[in-house]
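The structure under discussion appears below in the form of structure tokens.
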Amino acid sequence: MWVEKYGVFTSVKKVKTNLLIAGGGLASCLLAYRIKLLLPDFDFLIVERNHQLGGNHNWSFHTTDINNSQFEWLSPLISYRWNDHDVVFPNHSRTIKRGYNTIASVDMHEKLTPIIGSHVLFNRSIKSLTHKEAQLNDGTLIEANIVINAMGHSPNKDIAIAYQKFLGIEIELNEPHNLQRPILMDASVNQQDGYRFIYTLPFDTRKLLVEDTRYSDNILINEDECLVEIKKYIVSKGWGNYKIINREKGALPIILNGNYSSFIDKEIGMIGMKGLLCHPTTGYSIPHAVQLAELITGELSKKGNDVTQKIKQYSIHSWKKDKFFRILNRMLFWACKPLDRYKIFQRFYALPESLIAKFYSREYSFL
Ligand SMILES: Cc1cc2nc3c(=O)[nH]c(=O)nc-3n(C[C@H](O)[C@H](O)[C@H](O)COP(=O)(O)OP(=O)(O)OC[C@H]3O[C@@H](n4cnc5c(N)ncnc54)[C@H](O)[C@@H]3O)c2cc1C
């Protein structure tokens, strides 16, 4: 146990560990969980600036985005599962018979704390990071044989991005809402600020997550305006009286193009959004995080491992493979009028289900 090993941490200013993971978000937690499953005695340390793992998010993915064995080990962390979901456009609506799943960060924190909590330094901020050490804001120095940067997305001059931005509220209704399955996109709402749709997840018979989402050229979220729109939508659905129990907002990068070899850190392995390891068009990062958790844990189990190199190879390969999606994004953002963007998704969702699944699991490629 980390605390037992190092005694009272606050009195220690220099610490050594085998593997240091900077940031305790989604990618970091999935990696730590996988390490605990396969290498339970492995020495590692996570430094997280907040008091809990994962922040305040609901992360979703399609069942077919990962393979069966990956789904199996991830399963204990899944908070909600559905067998199918709907999409709604001005010209057509459709039920897609494909599983959809959500991991709630609050659940993940509760489930993982007993498993990996002793490896986490909460409420500690990293001031600087090199391939051998981290300097924390409180003056502590952490030395490590391997350093992984999982501190989330930060803008970078080498990569051009647009945004998928949203405000969501979790509500509890007085009466059952009777919504059987998620509505991944309801684009029958008026189009504004780019491609706009409402995303709704039924968490239980009375709880819903309702998000106003926009594929936009700018990162600005007018929270008051979004809230008004969400409330209007709730009324239009006849969902009646409710109270708001949580609120979440975010802006995900939609990758347009860039110079990935300049962007990538040559010395420190970057995972999760730090390495832009997400679906270029949807911003979903769970599949990459799962894949990398397996790859890194496999590498750690070998003597003379080269984790940094493996992460770099994986990232460069993914970037090359995803060229198709970046072209698609450029069409969406550069060749299409903002208020016509919905037509591309409307057309896409008229395709056979197998092709839609391939899109989400990034199986289209020019490689
Ligand atoms: C609101 C929202 C909803 C999303 N929904 C989905 C979804 O449905 N499906 C999906 O696949 N993806 C989704 N994403 C995209 C992506 O999966 C998330 O952004 C995910 O959290 C990325 O994981 P990560 O580990 O890279 O970064 P994060 O989860 O952001 O983790 C980074 C961590 O590093 C910590 N940190 C940062 N700087 C420091 C520092 N200096 N010192 C110490 N700690 C630091 C942060 O506090 C944070 O905990 C969503 C993103 C957002 C913002």
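The values are calculated or read from the model by the stated rules, or taken from the named source; none is laboratory data. Values in this document were obtained by computation on a predicted structure and should not be read as measured data. Don't worry about glycine lacking a Cβ; one is built from the backbone with ideal geometry, like all the others, and counts go over all protein chains shown.
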Filter result for the condition that a residue is in contact (Cβ under 8 Å) with a residue 24 or more places away in the chain and under 23 Å from the mean Cα position of the chain (by Cα), over ILE327, ILE296: ILE296
Number of positions in the stretch 330-358 that are without any contact (Cβ under 8 Å) to a residue 40 or more places away in the chain and more than 14 Å from TYR215 (Cβ to Cβ): 6
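Scanning the stretch 309-367 for residues that are among the polar types (S, T, N, Q) and within 19 Å of ILE254 (Cα to Cα), which turns out modelled with the lowest pLDDT?
By that ranking, first place goes to SER365.
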Matching residues in the stretch 286-304 - criterion: being out of contact with any helix residue (DSSP H, G or I) (no Cβ under 6 Å at 6 or more places or on another chain), within 15 Å of the ligand (Cβ to nearest atom) and of a type outside the set (A, V, I, L, M, F, W, C): HIS288, GLN291
Count - residues of the stretch 239-265 that are within 18 Å of the chain's Cα centre (by Cα) and either without any contact (Cβ under 8 Å) to a residue 60 or more places away in the chain or within 12 Å of the ligand (Cβ to nearest atom) (or both): 8
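Can you pull out every residue in the stretch 72-123 that is assigned to a helix (DSSP H, G or I), among the hydrophobic types (A, V, I, L, M, F, W, C) and within 14 Å of the ligand (Cβ to nearest atom)?
LEU74, LEU77, VAL106, MET108, LEU112, ILE116
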Unmet criterion (only one of (1) among the hydroxyl-bearing types (Ser, Thr, Tyr); (2) within 16 Å of the ligand (Cβ to nearest atom); (3) in a helix (DSSP H, G or I)) for THR308: (2)
Cross-chain or 6+ apart pairs with Cβ under 8 Å, the stretch 307-321 first and hydroxyl-bearing (Ser, Thr, Tyr), then in a helix (DSSP H, G or I): TYR314/GLN291; TYR314/LEU292; TYR314/LEU295; SER315/TYR260; SER315/GLY275; SER318/HIS288
Residues within the stretch 238-250 that are in a loop (DSSP other than H, G, I, E, B) and closer than 24 Å to ILE221 by Cα, tallied: 0
Neighbours by Cβ (under 7 Å, 6+ apart or cross-chain): first from the stretch 138-157, more than 30 Å from LEU256 (Cβ to Cβ); second within 11 Å of the ligand (Cβ to nearest atom) and hydroxyl-bearing (Ser, Thr, Tyr): none
Test for ILE268: is it within 30 Å of ASP306 (Cβ to Cβ), surrounded by 19 or more Cβ atoms within 10 Å (Cβ to Cβ) and more than 13 Å from the ligand (Cβ to nearest atom): yes
